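Following: one structure in structure tokens, then a few remarks.
The values are calculated or read from the model by the stated rules, or taken from the named source; none is laboratory data. Keep in mind the model is a prediction, meaning the values are calculated, not measured. Neighbour counts run over all protein chains shown; Cβ positions are idealised from the backbone, glycine included. Heavy atoms of the whole protein, side chains included, go into the accessibility calculation; ligands, DNA and RNA do not. Shrake-Rupley method; radii C 1.70, N 1.55, O 1.52, S 1.80 Å.
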Amino acid sequence: MGFPKGRRRFVVAVVALLATAVVAATVYRVLAPAEVSTPARGAYPAAADPAVGVVGRLPVAPLIVDGRLRVYAAHRQVYADRPVDGRHRTTPYWSYRRWPAKLDSVVASGTTVVTRWSDGRLVALDARTGRVAWDADGPAPVGERTVRRTGAAAVWAPRGVFVARAPDGRQVVAAAGAEWMRAVDLADGRELWRSHTTVTVPPGDGSDAAAGCRDVVGTTGSGQLLVVDSCAGPAVVEFRDAATGAVGVRWRPPGAGDRLVATPVGCGNGRTGCAGLRTAAPGDDAGRGWLLGAGEPVPAPALDRPDAELVDGTAVAVVDGVPVGRSARTGAELWRRPDLPGARLIAVQPGRVHLLTETNDLVTLDPATGAQRSFFALNAGSDGIGWAPGAAYAADGFVAVERLREPVDPTGDDQRYYLTSEPVILAAT
């Protein structure tokens, strides 16, 4: 016996409806906007004091936070591991994931990690627990960019989001997009101010759309945003109070053309707390260096070279194959190291200048005297030294370097581009 024909049709219809509902619920769970926060379960680690030398190798680029954690960027996730001097990446200490937004940039100050997402959302995490401290709306990042599997672009070269310590002591997070910028208090995410980054193109030029004309390039050590403003004529550099948004000095380099590229130097990670600036015309390597202070920038010819770095008042560059340190303020030569021919400058941090020799030895010098602080082969396990350096990062006495397969193919996929599956080498100096 079976169901009567009418009842069978009813049962089939019910089953179809239930199946549709299950599929719809599954699709919703998978595709609906979601946030997943997995806070820390263990104790906050103590600060590390590793021996000088190679610490380990990692599959992804670390951002050192508070000298205690390594924070990493994935496509839709930010996460941390410990200890900071661990030989390999370990099980996440905490993690935070969003969907469908993509992680764009990560910056940190003290024990606060600020993440910026493709929809402009700013989410601050307490590094000690991984819990969300606050979240706030912000302008979306400008355009797409390539972030390879190490995530180095997101943590070592964040874009459009900056941290500044204002003159009154407050720390400010400023985020800039194509049409507007917004500043919030790092402590609680409360909005401090917002401003347009566009100007309306007048009718008759074929468009009345808003065109971006203010580009935030970094922050100064005195708590100002560095903004290149080309809205009302030839480009100028304006110094904007990070806490109030008020514009103070508006400065234009002598002899500059209508267009201007301004590159901060002497900065912390994320182009924060910058002590200098290099200006040039677009596409021109012949720039001019400047020191930043209370008033207008002061000329610093020792920073003119496009490869010059600024650390602790010393301008460091490799000149004719020889590392040289000069006083950024006077230009006087402080030291040179002819015993390191062919070395390349890969990173600086307070109290340290990091050079890589032709045989991939990492040399760390004192920026004031040029005296050697450490020297060792940048090699892990049996990987060898037959690699080319990629992006590099230095903080809290550590140096991390991407190792690329030779010959370097910038257009190759990640497997061809990187030396190994763990291409980032981490060292203590």
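Close amide H partners of Ser105, meaning residues 5 or more places away or on another chain with modelled amide H under 5 Å apart, are Arg116. Within the listed set Val316, Val249, Val55, the Gaussian network model of the chain (springs between alpha-carbon atoms below 10 Å) gives the highest mean-square fluctuation for Val249. Could you tally the net charge around Ala48, taking each other residue with its Cβ under 15 Å from the Cβ of Ala48, Lys/Arg +1 and Asp/Glu -1? Here the charged neighbours net out to -1. Each principal axis of the Cα atoms in the chain has its own extent, and those three values, largest first, are 102, 64, 42 angstrom.
Can you tell me the convex hull volume per residue for the range 342-419, based on C-alpha atoms, in Å³ to the nearest whole number?
Values: hull volume 7.7 nm³, N = 78.
Taking the convex hull of the Cα positions in the range 342-419, it is 99 Å³ per residue.
3J(HN,Hα) along the range 187-194: 5, 9, x, 5, 5, 9, 5, 8 Hz, from the Karplus curve 6.51 cos²θ - 1.76 cosθ + 1.60 with θ = phi - 60°, whole Hz, x for Gly and Pro.
Any chance you could list the semi-axes, whole Å, largest first, of the equivalent ellipsoid that the Cα gyration tensor gives for the range 279-365, using √(5λ)? Provide the component values of the computation, followed by the final result.
Working: eigenvalues 111, 43, 26 Å².
Gyration-tensor ellipsoid for the range 279-365: 24, 15, 11 Å.
Shape verdict for the range 230-316, please, from the Cα gyration tensor: rounded (a/c under 1.5), prolate (a/b greater than b/c) or oblate. Don't skip to the end; give the middle numbers.
On the way: a/c = 1.80, a/b = 1.11, b/c = 1.62.
Cα axes put the range 230-316 in the oblate bin.
Placing one equal scatterer on every Cα of the range 39-159 and applying the Debye formula, the log10 ratio I(q)/I(0) at q = 0.12, 0.13, 0.14 Å⁻¹ is -0.41, -0.48, -0.55. Taking 0.36 nm per residue of separation and subtracting the current Cα-Cα distance, fully stretching the chain between Thr111 and Glu191 would add 26.8 nm. Electrostatic bookkeeping for Asp119 treats Lys and Arg as +1 and Asp and Glu as -1; over the other residues with beta carbon under 11 Å from its beta carbon, the sum is +2. FRET efficiency for the Asp284 to Arg416 pair, using the beta carbon distance and R₀ = 35 Å, is estimated at 0.60. Among 232-238, 65-71, the peptide with the highest mean count of other Cβ atoms within 10 Å heads the list, and the full ranking is 65-71, 232-238. Helical runs assigned H by DSSP (4 residues or longer) give the chain a calculated mean residue ellipticity at 222 nm of -2500 deg cm²/dmol, each run adding -39500 (n - 2.57) before division by the residue total.
Rolling a 1.4 angstrom probe over the chain with all protein chains present gives an accessible area of which 53% lies on carbon and sulfur atoms. Label sites at Glu179 and Glu333, each approximated as a point 7 angstrom past Cα along Cα to Cβ, lie 5.5 nm apart.
Classify the range 139-197: rounded, prolate or oblate, from the alpha-carbon gyration tensor (a ≥ b ≥ c, eigenvalue square roots; a/c under 1.5 rounded; otherwise prolate if a/b is larger than b/c)?
On the way: a/c = 2.99, a/b = 1.54, b/c = 1.94.
Oblate is the answer for the range 139-197, as a/c is 1.5 or above yet b/c matches or exceeds a/b.
What the phi angles of the range 398-414 give under the Karplus curve with 6.51, -1.76 and 1.60, with θ = phi - 60°, is a coupling list of 9, 10, 10, 9, 6, 9, 10, 6, 9, x, 5, 10, x, 8, x, 6, 4 Hz, glycine and proline written as x.
Estimated at 0.36 nm per residue, the fully extended path between Phe376 and Val142 surpasses their Cα-Cα distance by 80.2 nm.
Looking at the range 329-429, which GluC sites (Glu not before Pro) are in a loop (DSSP not H, G, I, E or B) and have at most 14 other Cβ atoms within 10 Å?
On the way: sites: Glu333, Glu358, Glu402; in loops: Glu358.
Answer by residue number: Glu358.
For Asp188, the shell of other residues with beta-carbons less than 13 Å away shows a net charge of -2, using +1 for Lys and Arg and -1 for Asp and Glu.
Fully extended, how many nm does the chain gain between Ile385 and Asp168 (0.36 nm per residue separation, minus their Cα-Cα distance)? Spell out each step's value before the answer.
Values: separation 217, 0.36 × 217 = 78.12 nm, distance 4.83 nm.
Roughly 73.3 nm would be gained on extension.
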